Structure formats: C-alpha cells, structure tokens
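The values are calculated or read from the model by the stated rules, or taken from the named source; none is laboratory data. What you are looking at is a predicted structure, and each value in this text was computed from that prediction instead of being measured. Every residue, glycine as well, gets a Cβ built from its backbone with ideal geometry; the counts of neighbours run over all protein chains shown. Side chains included, ligands, DNA and RNA excluded: accessible areas come from the protein's heavy atoms. Shrake-Rupley method; radii C 1.70, N 1.55, O 1.52, S 1.80 Å.
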Amino acid sequence: MIYFADYNKAVKTAVEVLEDYEISQAPIDLQIIFNALCREIALITYSQFMENTGKTYNEVVRFFDSEMGACCYNHQTSQYIIYYNAALSESWTRFTLAHELGHIFLGHHQKAGTEILNRTFVSKWVYQEFEKEANVFARNLLSPAPLAWLAIDEGNSKNPNYDLEMAFDITESAADIRVKMIHRDLKDYSSQMRNIVSKIYLRYQKFCPKCKARLYSTSKYCLLCGNAQLGKNLWFAPMPPDIPIGKSNVFVRCPCCSNEDIDKNSNYCKICGTPLKNICLGNNNSEMAYEPHYNRSFAMFCEECGSPTIYKSRNIMIKMEDEKVQYNDGVEYDEESFRVKKCPVCDNDEFSEQAEYCRICGTSLYNKCEGVEQDNGYDGIYISNQHPNPSNARYCEICGKPTYFLLEHILVDYKSYLQKIDADTQFENDIALAKQMDESEPDPAVWIPPEEYMPTNNDMIDEELPFN
C-alpha cells in the first residue's frame, strides 16, 4: 500500500471538528467532543487496562507500541477505544487524545483495514504517514494556526513558545513545533476556515505577574497594584464585577453599596457618599497638564498612567458581589422642590405652602446636606451650599456631605440597613421552612417499612460497560 500524508486534509478536518462540535474557546475542551461521541468512543487509561488484563506497564507499552496511547477499532460495531497513559502531564495527555482523534476522524483504521494502528499491523511507511497526518490534525485542533498567530502577536513576548503553552495548554515541544510550522499550516486555511477559527475566544489574557490579576488588553498598568511590568497567562485571579459607566461617566450602580437610584448629574452616591467617578489623581512625575482618566469601579490604580485612583486614596472598600439593592426607607417627596409630603418622624402630612418644618415635631421637611460654614465678617458664621436631596439620601449627590436625615438619625447608615434586610430575609425563610415542614408531616395512617427491610447499596450490582 502506497500512501502519502495529506496535510491539507488534516488541517481542514481539524477545523471541521471545531465547527461541528461548536468549540467556542481555547484552550480547547476535548471533553466536549468525547461527550458527544460517548457511544462511539470509549476512553480507558493504561492503568485500567493493566488492572483488567493483569499485564504489567512494560507489557502494555509493548502491546500498543507506545508509551503515550493507542486507538483500537471494532469493525463490526464501528466503535473505538482510546487507550492512553494518564500518568503523563495533562498537556501530554491532551495531545495524545487529540492525536488519536486524528486517526479516527481521518479514517486511518478503515484505510489500513486493521483494528490497532501500530507497526505490528501496519507497514512502517504507511504508519509514519498516518502519524504525520494525526500530528497535523492534533496541532490544528488544539492550537489552530490563525489563533496561534494571534496569541503570539498579542503576547508580545520574547518567548512565543511560552505564549502558546499558556494560551492553548500544550507541551513545550508542541508549542515549539507550532511556532515552526505556523506559516506552513496557515497556507492550508481558506477564508471560510479562518472565519470559523476567529469565533473561538482566546482565554489567554494579559495579567499582572505581581498580584496575578487579570487585566484588559488596553491596560498599561495593573488596576489593582499599579505594576507596569505586565505579561500574559492562562492562569490568573478573576477581577471583581465591573460596573458599567452610564452618561456623564457616572457608574450606573454604586460599587460600594449597590444603590442603583443614581441621577446622571450625581457626583456622589446618596446612600453611602461614595464618589461615582473613579478618576485617577494624576502622575506627579509628568510635566504635562493633568487630565484625569476615568477608571473602572474596582481600579485602585489607573490603567492608563499608573497613578492612584480616588478610590485608592480614600480607602473605599468595593463590594465584591455583583448584586442590586433598593433602599426604600425614604418617604414620598416632591421631585421638584424635594420637600417631603409626610413627616418621616411623626407621619404628619398637614403642611402650609411655605412650611419648612413639621408643625408637630419640628423635623425639617427638606433633607438638605450640612453645607459649608462661612464667615462673612459682619453677621458671623452662616451655612451655605446646602443642597436639597431625596428623602432616602444619606449623603448629598452634589457635594457628598452628610444629609440632615442621616445626621438626625432619621435614616440609618447603609450597612445597618443591609443588616436589617438580611435579618428580615432570614426570618421570612425560617417561617417558610417551618410552614413547609408542617405541610410535609407524614400521615400516621401510612405504613412505613422498618429500615431492615429497605434495600442497601450492597444489594445493587452496577456493571461498568466500556461504552455509554
């Protein structure tokens, strides 16, 4: 039998597998393919095979003619068994399984007319050509050439082999061959094949080697520690939830207390007083005019210039949970004048048109901020810049100062409010659980067999089959 390896077919088949099994991200999850083909392909480790047959490791290696793995085919049932050495590293195991999948998808068993592909049952020449095709298939299944080129380009590293190892979870030798053969493989990719591969998300991300934080492709500095020496890696610590920025560069939700009732003109959160724009404080070493950069909600350092952010300088603790909270402890108020329609202390709702204080308890009907004390030199100290605020505001949305309702303890601070919500929720859950338990009480008229008559796990025999 005269056979020559068809590299173009091997590349094309690998891309077809990626498309057919809807592989959406790299490193490629081979388990997706094996799950879909669980009735056609079984996986058995060398150690399992040794236990089932009583063979030693050396006997298994001689039998399969490989220390890594082999694939067997049953012509009658059209089923495959891939035997592989799980004692090898995870990266080597991934390549072994991808290589054996190459033999399957390229139909090597059918072409050779044999159940086992090794030098004992296939001529040396044909075996070598089959191995070349399977290697090309595995290389382009695990690290498609266009995606590998992108990883090298974005990695911007002096060691592209390392970039590929991290990006695709492959061995060092596989990464080296991928770099050497990337131009060769790219020639076999049609525009349609490139389009298929371009839809695969490359999880390999820019990260900070100092604090292990995942960064964004545009980041010049680490957002969490300010480190400027950045790299790329597959293993990184996840970032906190990123809160979207709405109009006027204001966060749509407070990153500290999760308040969502935010006006586009607000500078501060009315619930906890947190600034709603996380600007940087500028680079002191720069002689150019300072223009603040707007940063993400969890940024401690500016990803553009590396200077500390206002959240860093004020030691603002950001909530790590991505959740929404409604603060409903305010009373109804007029949205134009901000005067409350009911006293938040005594519930009196009878006011004159000019009233500024409750006629019953003397509480201010306007939830103004504390303002600024000023001395005009004539009449002494007076208060200025008192901004009216909604009835549930603890802090002024304009200047960030505490409001009258917070200072007079009409409103509790947001942490106490959240604790009360948690306590109320727990109480409701306890009531619901107790009610559920009452409803599920067993009927005394129903006979329940004693435990000695109940079947145990020992009474059941599970037979493990090689195929699902």
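When the surface is traced with a 1.4 Å probe over the full set of protein chains, residue 211 keeps roughly 50 Å² accessible.
So how do 194, 119 rank on accessible area, 1.4 Å probe, biggest first, that is with the largest at the start?
Greatest to least solvent exposure: 119, 194.
Whole-Hz Karplus values for segment 298-310 come out as 9, 6, 8, 9, 6, 6, 9, 10, x, 7, x, 8, 5 Hz, taken residue by residue from phi with 6.51 cos²θ - 1.76 cosθ + 1.60 and θ = phi - 60°; glycine and proline positions read x.
To the nearest µm²/s, what D does Stokes-Einstein give for the chain at 37 °C and 0.692 mPa s, using the Kirkwood radius over alpha carbon pairs as Rh? Could you put the intermediate results ahead of the total?
On the way: Rh = 29.0 Å.
Approximately 113 µm²/s, per Stokes-Einstein.
For helix 124-142, what angle does its Cα long axis make with the longest principal axis of the chain, in degrees from 0 to 90 and rounded to 10? So the inclination is approximately 10 degrees. Summarising the strand pairing of segment 1-144, around 60 percent of its internal DSSP beta bridges are antiparallel. Residue ranking by accessible heavy-atom surface, 1.4 Å probe, largest first, among 29, 188, 422 comes out as 422, 29, 188.
Annotation: per residue accessible area for the chain equals 59 Å², rounded to a whole number [probe 1.4 Å, protein chains only]. In this structure the amide hydrogen of residue 325, modeled in the peptide plane, comes within under 5 Å of the amide hydrogens of 260, none closer than 5 places in sequence on its chain.
Summarise the accessible area of segment 165-206 (1.4 Å probe, protein heavy atoms) by the percent that is carbon and sulfur. It would help to have the intermediate numbers written out before the result.
On the way: 1100 of 2200 Å².
Carbon and sulfur: 50 percent of the exposed surface of segment 165-206.
Relative to the longest principal axis of the Cα atoms of the chain, helix 172-186 runs at roughly 90 degrees. Axis of helix 90-105 versus longest Cα principal axis of the chain: the two differ by about 60°, to the nearest ten degrees. In this view, the solvent-accessible surface of residue 133, computed with a 1.4 Å probe and all protein chains in place, comes to about 0 Å². The packing ranking, built from the mean of other Cβ atoms within 10 Å per residue, places the peptides 69-78, 11-20 in the order 11-20, 69-78, highest first. Shape of segment 49-121 from the C-alpha gyration tensor: oblate (a/c of 1.5 or more and a/b not above b/c, with a ≥ b ≥ c the square roots of its eigenvalues).
Put a plus charge on the Cβ of each Lys and Arg, a minus charge on the Cβ of each Asp and Glu, and nothing anywhere else: the dipole of the chain about its Cα centre is then about 2600 debye. Near residue 339, the amide H atoms lying under 5 Å from its own belong to 334; only residues 5 or more places off or on other chains count, and H is placed 1.01 Å from N.
Relative contact order of the chain, taken over Cα pairs closer than 8 Å and 6 or more residues apart, is 11 percent.
Per-residue ellipticity at 222 nm for the chain, helices alone: DSSP H runs ≥ 4 residues times -39500 (n - 2.57), over residue total, nearest 500 deg cm²/dmol?
That calculation yields -10000 deg cm²/dmol at 222 nm.
Beta bridges from DSSP with both residues in the chain: antiparallel share about 75 percent, rounded to the nearest 5.
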